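Q: Take this structure first; my questions come after.
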Amino acid sequence: MRKSITLYGLTFSLPILIWQILFFVAPLAFLVALSFWTVKNFRMEPAFDAVNWMKVLSRGIFWDAYLRTVALAAATAVITSALAFPCAYGIAFKLSDTTRRWVVFLMVIPFFTSYLVRVYSWQIFLSDHGIFNALFAKVGIGPFGMLNSVFGQMIGYLTLSFPLVVLLQLFSLVFVDKTFIEAAHNLRCGRLRTVFEVVVPAAKVGLVIAALFCFILTFGDFVSPLYLGGGDPPTLSILITDTTKSGQQWPRAAVIAIVMIATLLAVAFAAVSYAYKERGR
């Protein structure tokens, strides 16, 4: 049934619309306009010139950084979702309501600490003379180069996204109808088969949204690639910083930022469409 638009509904929707215009549409419009400006003698001048787009999109370093960023974000989304699911499943189905509340509280606590501080603390563990290599030395192995590597960068990504992914998966799993699971068991369905054929399809929307949030967070992250990954080779976030430092090329940095936003919008649209595909039938 088609719902009629009323003044009452528009009134309560107005704050959301104003917020979106002020903090998303307006900055995005300015970013698009900035990408067509020119830089002369280290000063930006308003113009309508596509030279910034041609310069950025024709550079191999941009496409290398783009593919690297997408690959790392996608890999993190897959790894984090796979590691988080057993945790969320155990919390949702194996714990009592009281214990579950305490576990959720403990999962929220990491957000009380600055993400930058947590990344700095990982440097103490991952450095060549850090805690992990000191423990490895006691058993006669190592040292391993974990800092300023892809491994260190992935550790930072997991630090950023893992608690959030667990919480999002948990909120989806707790609403799974338990009668479906009981019916599967009554039909002699094994535990593992029940998880993949009953629980996962029932919680599909929440699982996809959790992976999407993980992708979004890691795709634009600047801290882990710089402080744990070494910043070389660069991701798109680091490339934006390097571009602004190179002759004050803010317009070219705007081009990179627009490409990042377009990529995230495309991925988000595809993920949400996939999550709700069967529900719309």
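Q: Output the residues belonging to segment 201-215 that are of a type outside the set (Phe, Trp, Tyr) and either in contact with a helix residue (DSSP H, G or I) (Cβ under 7 Å, 6 or more places away or on another chain) or crowded, with 21+ Cβ neighbours inside 10 Å (or both).
A: Ala202, Ala203, Lys204, Val205, Gly206, Leu207, Val208, Ile209, Ala210, Ala211, Leu212, Cys214
Q: Pick from Ile131, Ile155, Ile124, Ile109: which is crowded, with 18+ Cβ neighbours inside 10 Å and farther than 15 Å from Phe213 by Cα?
A: Just a single option satisfies the conditions, and that option is Ile155.
Q: Of Gly231, Gly206, Gly247, which residue is under 26 Å from Leu116 (Cα atoms) and of a type outside the set (A, V, I, L, M, F, W, C)?
A: Selected residue: Gly231, the only one of Gly231, Gly206, Gly247 that is under 26 Å from Leu116 (Cα atoms) and of a type outside the set (A, V, I, L, M, F, W, C).
Q: Does any residue of segment 39-46 turn out to be surrounded by 10 or more Cβ atoms within 10 Å (Cβ to Cβ) and modelled with pLDDT of 85 or more?
A: No, the conditions are met nowhere in segment 39-46.
Q: Filter segment 59-102 for residues that are among the basic types (Lys, Arg) and more than 22 Å from Phe222 (Cβ to Cβ) and give the result.
A: Within segment 59-102, Lys94, Arg100, Arg101 qualify.
Q: Filter segment 232-249 for residues that are surrounded by fewer than 18 Cβ atoms within 10 Å (Cβ to Cβ) and touching a residue at least 24 places away in the same chain (Cβ under 8 Å) and give the result.
A: Pro233, Gly247, Gln248 - these are the residues of segment 232-249 that are surrounded by fewer than 18 Cβ atoms within 10 Å (Cβ to Cβ) and touching a residue at least 24 places away in the same chain (Cβ under 8 Å).
Q: Go through (1) without any contact (Cβ under 8 Å) to a residue 60 or more places away in the chain; (2) part of a helix (DSSP H, G or I); (3) among the β-branched types (Val, Ile, Thr) one by one and return the number of the condition Ile141 breaks.
A: Going through the list (1) without any contact (Cβ under 8 Å) to a residue 60 or more places away in the chain; (2) part of a helix (DSSP H, G or I); (3) among the β-branched types (Val, Ile, Thr), Ile141 breaks only (2).
Q: Quick one: which helices (runs of 4 or more DSSP H) sit completely within segment 1-120 and have at least 2 residues that are charged (D, E, K, R), free of Cβ contacts under 8 Å to residues at least 60 places away in the same chain and more than 30 Å from Val199 (Cα to Cα)?
A: Where helices (runs of 4 or more DSSP H) fall fully within segment 1-120, none carries at least 2 residues being charged (D, E, K, R), free of Cβ contacts under 8 Å to residues at least 60 places away in the same chain and more than 30 Å from Val199 (Cα to Cα).
Q: Please verify whether Lys138 is exposed (fewer than 14 other Cβ atoms within 10 Å of the Cβ), over 26 Å from Ala73 (Cβ atoms) and in contact with a Phe, Trp or Tyr (Cβ under 9 Å, 6 or more places away or on another chain), treating the condition exactly as stated.
A: no
Q: Moving on. Being of a type in the set (A, V, I, L, M) and farther than 23 Å from Phe125 by Cβ is true for just one of Leu226, Leu217, Leu187. Which residue is that?
A: Testing whether each residue is of a type in the set (A, V, I, L, M) and farther than 23 Å from Phe125 by Cβ leaves just Leu187.
Q: Only one of these is closer than 30 Å to Met44 by Cα, out of contact with any strand residue (DSSP E or B) (no Cβ under 6 Å at 6 or more places or on another chain) and not in a loop (DSSP other than H, G, I, E, B): Ala262, Ala268. Name it.
A: Being closer than 30 Å to Met44 by Cα, out of contact with any strand residue (DSSP E or B) (no Cβ under 6 Å at 6 or more places or on another chain) and not in a loop (DSSP other than H, G, I, E, B) holds for just one of Ala262, Ala268, which is Ala262.
Q: Based on this model, can you work out whether Gln169 counts as of a type in the set (S, T, N, Q), touching a residue at least 12 places away in the same chain (Cβ under 8 Å) and surrounded by fewer than 21 Cβ atoms within 10 Å (Cβ to Cβ)?
A: No; evaluated as a whole, the condition is false for this residue.
Q: Turning to a different aspect of this structure: Suppose the filter is farther than 17 Å from Ala88 by Cβ and either surrounded by 13 or more Cβ atoms within 10 Å (Cβ to Cβ) or among the hydroxyl-bearing types (Ser, Thr, Tyr) (or both); does Glu182 pass it?
A: Considered against the rule, which asks whether it is farther than 17 Å from Ala88 by Cβ and either surrounded by 13 or more Cβ atoms within 10 Å (Cβ to Cβ) or among the hydroxyl-bearing types (Ser, Thr, Tyr) (or both), Glu182 comes out as no.
Q: I'd like to check which helices (runs of 4 or more DSSP H) are fully inside segment 165-252 and have at least 1 residues that are at pLDDT below 90 and acidic (Asp, Glu).
A: 178-186
Q: Keeping to segment 114-135, report how many residues are more than 14 Å from Gly156 (Cα to Cα) and out of contact with any Phe, Trp or Tyr (no Cβ under 6 Å at 6 or more places or on another chain).
A: 6
Q: Based on this model, can you work out whether Thr244 counts as within 20 Å of the chain's Cα centre (by Cα) and under 30 Å from Phe48 (Cα atoms)?
A: Against the criterion (within 20 Å of the chain's Cα centre (by Cα) and under 30 Å from Phe48 (Cα atoms)), Thr244 does not qualify.
The values are calculated or read from the model by the stated rules, or taken from the named source; none is laboratory data. Note that the coordinates shown come from a computational prediction; the quantities given were computed from them, not determined experimentally. Reconstructed Cβ throughout: ideal geometry from the backbone, glycine too, with neighbour counts over all protein chains shown.
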